[in-house]
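The values are calculated or read from the model by the stated rules, or taken from the named source; none is laboratory data. No experiment lies behind these values; they were computed from the predicted model shown. FYI the Cβ positions are ideal-geometry reconstructions off the backbone, even for glycines, and counts take in every protein chain you see. To get the accessible areas, we keep the full protein, side chains included, count just its heavy atoms, and leave off ligands, DNA and RNA. Shrake-Rupley method; radii C 1.70, N 1.55, O 1.52, S 1.80 Å.
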Amino acid sequence: MAMWWSSVKSRVVLAGVIGCGWTGLLAAAPLLNEPVLPVPVCAGVNADKSLLGKRLFHDFRLSMNNTMSCATCHPLDQWGMDGLSRNVRADDSRATMHTPTVYNAAFNIAQFWNGRAITLEEQVDEAVRVDLGSNWNDVVRKLSLDADYRQDFARLYRGGIQAVNIRDALATFERSLITPNSRFDRYLRGEEEALTRQEKQGYALFKGLGCVSCHQGINLGGNLFHRFGLLQRIGPEGTDDESGELDRFAFTRNPEDQGVFKVPGLRNVARTAPYFHHGQVATLEEAVTLMARGQLGRRLTMGERDLLVAFLRSLDGMPGGECP
Ligand code: HEC
Ligand code: HEC
């Protein structure tokens with residue numbers, strides 16, 4: 001009876017929140033009616049290609065002046081991001097948005113804060129060109145001088161060292177960068193005691209307030225786009241104007257996309273400060289407070305805020321995902 005009632009309640013809450021393109025993930029969840037799914041325990045990618053991609057991810061030769069690799073901005077031992085609101089690219093220009101993590105990016109429907117790259121392969125293209133300031137001709141030429149690469153590419157790919165294969169190896173490695181086995185996922189898989197009472201209350205609040213209408217699925221986000229600052233502007237002075245050039249409208253030119261960004265995933269979010277595409281918010285406490293106000297029109301009590309943060313901290317996973 002209690003179970004039945006809570007399931008009806010959560011359906012009503014979910015149906016009642018602002019139209020976010022709810023996709024009926026409820027049915028697929030391992031626990032009754034949970035709108036969040038655990039990260040799979042293993043990524044199931046080709047291990048040899050992924051290993052090659054890992055080397056490429058750390059290879060400075062992918063940059064214009066051999067000074068930088070993907071890992072410079074996405075250090076894997078720091079939760080896949082550099083913690084900077086604006087990093088500096090290989091060509092000394094400054095990034096326009098805050099570095100997101102590469103972990104669990106594979107679960108996103110599109111890449112970058114505004115989703116302008118649909119696939120990880122497309123995203124690699126832009127990273128090489130814009131962040132690393134290079135181009136495929138130069139990268140292929142430099143890597144072709146390396147006998148180990150020549151051998152490995154020949155073994156794993158038809159056509160050897162070429163852009164399409166480098167992209168594939170990097171994207172394969174990125175698909176392996178998942179963080180399973182967070183305490184929250186253990187809870188979703190039925191380990192009732194994996195979460196404290198406070199964290200469970202935080203999760204209930206996350207659902208009850210409607211955060212889950214946008215932050216849901218495996219990544220607690222990453223599967224839809226929404227207006228940022230739906231009900232109230234979010235972020236310090238000056239960020240509004242800038243958003244105008246960074247949103248989805250910047251490349252779709254569809255007026256409905258003004259101010260719209262990808263809802264980011266929240267896995268490991270306690271580890272990936274600063275927050276939002278502008279990276280101007282330093283703490284999770286502040287980010288949660290701004291979200292409640294800006295997206296849901298809710299002023300949180302300190303107690304509510306702390307419960308939500310406690311829940312979000314239980315989302316820290318374990319980088320891994322290799323299949324046995
Ligand atoms: C100079 C720093 C820098 C380098 C080098 C760099 N990136 Fe990034 N990366 C960023 C920034 C900044 C963004 C966000 C850009 C945006 O959304 O407009 C980003 C976004 C991403 C995303 C999207 C994540 C998401 O959730 O949307 C992925 C994946 C990624 N980078 C992987 C890579 C790979 C692979 C490489 C190497 C080929 C690389 N990056 C090199 C700074 C960098
Ligand atoms: C209407 C959709 C929507 C709702 C509801 C919503 N969010 Fe968000 N959330 C977003 C979007 C969009 C962003 C990212 C915007 C940006 O920075 O471009 C975001 C960003 C965040 C971030 C920052 C993540 C990062 O890595 O920078 C946190 C934390 C967060 N939300 C938590 C919450 C919490 C907690 C709630 C409920 C109180 C909530 N959100 C409700 C859409 C939503």
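How much mean residue ellipticity at 222 nm does the chain get from its helices, if each DSSP H run of length 4 or more adds -39500 (n - 2.57) and you divide by all residues, to the nearest 500 deg cm²/dmol?
Working: 13 runs with 126 residues, N = 324.
It comes out at -11500 deg cm²/dmol, rounded to the nearest 500.
Between residue 88 and residue 109, how many nm apart are label points set 7 Å from Cα along the C-beta direction?
In this crude spin-label approximation the distance works out to 3.8 nm.
Got a sec? Charge dipole of the chain, +1 on Cβ for Lys and Arg, -1 for Asp and Glu; which of 261, 157, 65 is way out at the positive end?
261
How much of the pair distance distribution for the stretch 47-176 lies past 19 Å, counting alpha-carbon pairs only, in percent? Working shown, then result.
Working: 3758 of 8385 pairs.
Looking at the stretch 47-176, the distances longer than 19 Å represent 45 percent of pairs.
Tell me, what ³J(HN,Hα) does each residue in the stretch 54-70 have, in order and in whole Hz, if you take phi through Karplus 6.51 cos²θ - 1.76 cosθ + 1.60 with θ = phi - 60° and put x for Gly and Pro?
Rounded to whole hertz, the list is 4, 5, 4, 4, 9, 8, 5, 5, 6, 9, 4, 10, 6, 10, 8, 10, 4.
Using 0.36 nm times the number of residues separating residue 270 and residue 197, minus their current alpha carbon distance, what extension gain do you get? Intermediate values should be presented prior to the final figure.
Working: separation 73, 0.36 × 73 = 26.28 nm, distance 1.88 nm.
Gain on extension, residue 270 to residue 197, equals 24.4 nm.
What residues qualify as long-range amide H neighbours of residue 265, i.e. H under 5 Å apart, gap of 5 or more or another chain, H built at 1.01 Å from N?
It is 222, by chain and number.
How many lysine pairs does the chain hold where the Cα atoms are under 25 Å apart and the two sit 8 or more places apart or on different chains? Before the final figure, lay out the partial values.
Working: 9/200; 9/207; 49/142; 54/142; 207/262.
Close lysine pairs found across the chain: 5.
Bin all alpha-carbon pair distances of the stretch 72-115 at 5 Å intervals from 0 and give each bin's fraction as a whole percent.
Using 5 Å bins, I get a P(r) of 6, 22, 27, 26, 16, 3, 0 for the stretch 72-115.
What is the packing order of peptides 100-111, 311-322, taking the mean over residues of other C-beta atoms within 10 Å and listing the highest first? Please list the in-between numbers first.
Details: 100-111: 22.1, 311-322: 19.5.
Highest-to-lowest ranking by the protection proxy: 100-111, 311-322.
Bins of 20 Å, beginning at zero and ending with the bin holding the largest distance: percent of Cα pairs per bin for the chain, please.
Final binned percentages: 31, 56, 13, 0.
So between residue 48 and residue 78, what do we pick up on full extension, going 0.36 nm a residue minus the alpha carbon distance?
Values: separation 30, 0.36 × 30 = 10.80 nm, distance 2.41 nm.
Length gained, residue 48 through residue 78: 8.4 nm.
Taking amide H atoms as placed 1.01 Å from N in the peptide plane, list the residues 5 or more away in sequence, or in a different chain, whose amide H sits under 5 Å from that of residue 117.
Answer set, sorted by chain and number: 111.
Just to be sure I understand: with springs between alpha-carbon atoms less than 10 Å apart, which residue in 264, 40, 274 has the highest mean-square fluctuation in the Gaussian network model of the chain?
Highest fluctuation among the options: 40.
Would you tell me the accessible area of residue 54, worked out with a 1.4 angstrom probe on the heavy atoms of the protein chains, in Å² to the nearest 10?
So the heavy atoms of residue 54 present about 90 Å² to solvent.
Let's see if you can work this out: charge +1 on each Lys and Arg Cβ, -1 on each Asp and Glu Cβ, no other charges. What is the dipole magnitude of the chain about its Cα centre, in debye to the nearest 20?
Result for the chain is approximately 580 debye, rounded to the nearest 20.
Under the Kirkwood approximation applied to all pairs of distinct alpha-carbon atoms, what is the hydrodynamic radius of the stretch 118-212 in Å?
On the way: mean 1/r = 0.0592 Å⁻¹.
Computed over Cα pairs of the stretch 118-212, the Kirkwood hydrodynamic radius comes out at 16.9 Å.
Pop out the ³J(HN,Hα) list for the stretch 212-229 in order, Karplus 6.51 cos²θ - 1.76 cosθ + 1.60 with θ = phi - 60°, rounded to Hz; leave Gly and Pro as x.
After applying 6.51 cos²θ - 1.76 cosθ + 1.60, I find 5, 5, 10, 9, 8, x, 4, 8, 6, x, x, 10, 7, 10, 8, 5, 8, x Hz.
Hey, can you grab everything whose amide H is under 5 Å from the amide H of residue 281? Only 5+ residues off in sequence or another chain; H modelled, so Pro and N-termini drop out.
Counting only residues 5 or more places away or on other chains, the set is 275.
Once you've got the GNM for the chain with C-alpha springs shorter than 10 Å, pick whichever of 136, 113, 79 has the biggest mean-square fluctuation.
Per the Cα network of the chain with a 10 Å cutoff, 136 tops the list.
Going 7 Å from the Cα of residue 138 toward and past its Cβ, which residues in the stretch 37-62 have a backbone nitrogen under 14 Å from where you end up?
60-62
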